[in-house]
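Every number here is computed from the coordinates shown, using simple stated rules; none is lab data. These numbers were taken from a predicted model, which means no experiment stands behind them.
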């Protein structure tokens, strides 16, 4: 019958190495992880702002639409992803029906949204 023997002296000298390595690397790992998550959230906010401005402008090119309808369309996209305190501006306001260009501007405070 064979028995397996371990060298207890060698194991005892290295017993805390894994704990020390983890204590040194985990702060860096979590910093990178949470930084990537924040970067992703900022990208979601920026993309949603761009898409909502696009949808608001598309609503405004329909004959007979008003600036309030364009603002409401843009705000609907922003509230769908829980963006707080957005400001939507439509120029020109009021619409006369002969505009060749309509601009929808959205501004969002980054504090509380990212």
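Listed values, structure above:
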read-out	value
Helix-derived mean residue ellipticity, 222 nm - over the chain, DSSP H n ≥ 4, -39500 (n - 2.57), to 500	-19500 deg cm²/dmol
Sequence-separation-based contact order of the stretch 18-107, relative, with Cα cut under 8 Å and 6+ spacing, percent	26 percent
Choice from 21, 50, 101 with maximal GNM fluctuation in the chain (Cα, 10 Å cutoff)	21
Acute angle (nearest 10 degrees) that the helix 17-60 long axis makes with the longest principal axis of the chain, alpha-carbon atoms	10 degrees
Shape parameters for the chain, alpha-carbon atoms, Rg then Dmax in Å	28.0, 98
Extension gain (nm, one decimal) between residue 101 and residue 38, 0.36 nm per residue minus Cα-Cα	19.2 nm
Contour minus Cα-Cα distance for residue 23 and residue 82 (0.36 nm per residue)	17.6 nm
Tilt relative to the chain, helix 67-80 - C-alpha long axis, 0 to 90 degrees, to 10	10 degrees
Extension reserve of the residue 72-residue 58 stretch, reckoned as 0.36 nm per residue once the Cα distance is removed	3.8 nm
